[in-house]
Amino acid sequence: MFKFGFSKGASISRNPLAEIFTKGFSTQIRRKLEGKVALITGAASGIGKATATKFISNGAKVVIADIQQQLGQDTAKELGSNAAFIACDVTKESDISNAVDFSISKFNQLDIMYNNAGVACKSSPSITDLDLAQFDRVMSINVRGVIAGIKHASRVMIPRRTGSILCTASVTGIMAGLSPHTYAVSKVTVIGIVRTVASELCKYGIRVNCISPFVIPTPFVMEDMSRFYPGVDAQQLVKILHNSGSLEGEICEPIDIANAALYLASEDAKYINGHNLVIDGGFTSFKSLGFPAPDQR
Ligand SMILES: NC(=O)c1ccc[n+]([C@@H]2O[C@H](COP(=O)([O-])OP(=O)(O)OC[C@H]3O[C@@H](n4cnc5c(N)ncnc54)[C@H](O)[C@@H]3O)[C@@H](O)[C@H]2O)c1
């Protein structure tokens, strides 16, 4: 049991109000990733781009690794001199290894590795029609790409005995029935990878965590929705997506994931390890019985 009490000689600040004010003020202006270097896969768009932007505004230098060369280069240009782009297909281990080495040659170190690249899957909802070739393709990006990223980040982080590794999982990895089996299995696996790897890397002071976002209308989700609702315009599709949330008055946006990533990557989360931070407005925490109101039976 914990025991609470003041030890002899312990003193309380003479002017607690002034101390609170000073601390509060300095926290507000502190850039949480000052001097840090981050590598983010899938950062040419969506969640990865929002996170790169957030990290840079908090003092980090960011390497954007993505399979989309032109978009990746444009994103890096847009984010300025603290961003750099490297072409990287996460299904190729050598590309990931190069991206890690590039981060070090460009910015001298690697403090944060965010394995964020991922794809949706177009497979049938029924297990009886599961397309195993597609299963392998999705796994090679969403799962193999993540573990390869962790492997190569660890290669450079272990000798320094410090680092923060992040991955993007999904609400579909914690609650079944929200997506086709292939995508769901890939995201369940990401959550598992984080736990197993954290059990080893904790010995070196390296933290490994993941984030599970709710649905956000980024390019891959919009592509999926257009296939499902042919002929429906983008605005309508975004509305359908936003209406599926459960927290009244708010919607899930890339910035919500970027804020979570900033928290997990920073000193604020120095004792958070092996964790899956769910950003879903409570969606996966409850289910309503949907009983009719007494006057509507
Ligand atoms: N948008 C959502 O609703 C949602 C919800 C939960 C989880 N996620 C996850 O968030 C992550 C980011 O997706 P997003 O929503 O920002 O979509 P997005 O389409 O905007 O971004 C995905 C990025 O990954 C890149 N990419 C795809 N395959 C790659 C490969 N082989 N190598 C390197 N880069 C590759 C794409 O070029 C793209 O820039 C994914 O892992 C996705 O599964 C998204």
Worksheet, complete the sentence: Rounded to the nearest whole number, the per residue volume of the convex hull around the C-alpha atoms of segment 168-297 in Å³ is 155
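What FRET efficiency do you get for residue 202 and residue 176 if R0 is 22 Å and r is their Cβ-Cβ distance, rounded to the nearest 0.05?
For R0 = 22 Å, the calculated efficiency reads 0.15.
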Fill in: Taking 204, 114 and counting other C-beta atoms within 10 Å, the order from fewest to most
204, 114
Worksheet entry | Proxy reagent accessibility, fewest Cβ within 10 Å first, across 270, 106 | 270, 106
Discussion item. Taking 22 Å as R0, compute the FRET efficiency from the Cβ-Cβ separation of residue 268 and residue 81 and round it to 0.05.
Written reply: 0.25
Worksheet entry | Given charges at Cβ of Lys, Arg, Asp, Glu: the chain dipole, positive-most of 39, 208, 293 | 208
Response to the item:
Relative contact order as a percentage, the chain, C-alpha pairs under 8 Å and 6+ apart, gives 17
Response to the item:
Site residue 250, offset 7 angstrom along Cα→Cβ, radius 16 Å on amide nitrogen, limited to segment 273-287, gives 277-286
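When a/c reaches 1.5 or more, the comparison of a/b and b/c decides; with that in mind, is the chain rounded, prolate or oblate per its Cα gyration tensor?
oblate
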Fill in: Over 25 Å between alpha carbons, listed pairs 54/122; 32/106; 49/203; 122/239; 151/187
54/122; 49/203
Worksheet item: For the chain, what are the DSSP H helices with axial Cα length of 27 Å or more and mean Kyte-Doolittle hydropathy of at least 0.0?
Response: 181-201
Fill in: Approximate shape of segment 219-278 as ellipsoid semi-axes (Cα gyration tensor, √5λ), whole Å, largest first
32, 13, 9
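The numbers here are math on the coordinates, done by the rules we state, and not lab data. Nothing here was measured: the structure is a model prediction, and the numbers come from that model. We place every Cβ from the backbone using ideal geometry, glycine too, and count neighbours over all the protein chains shown.
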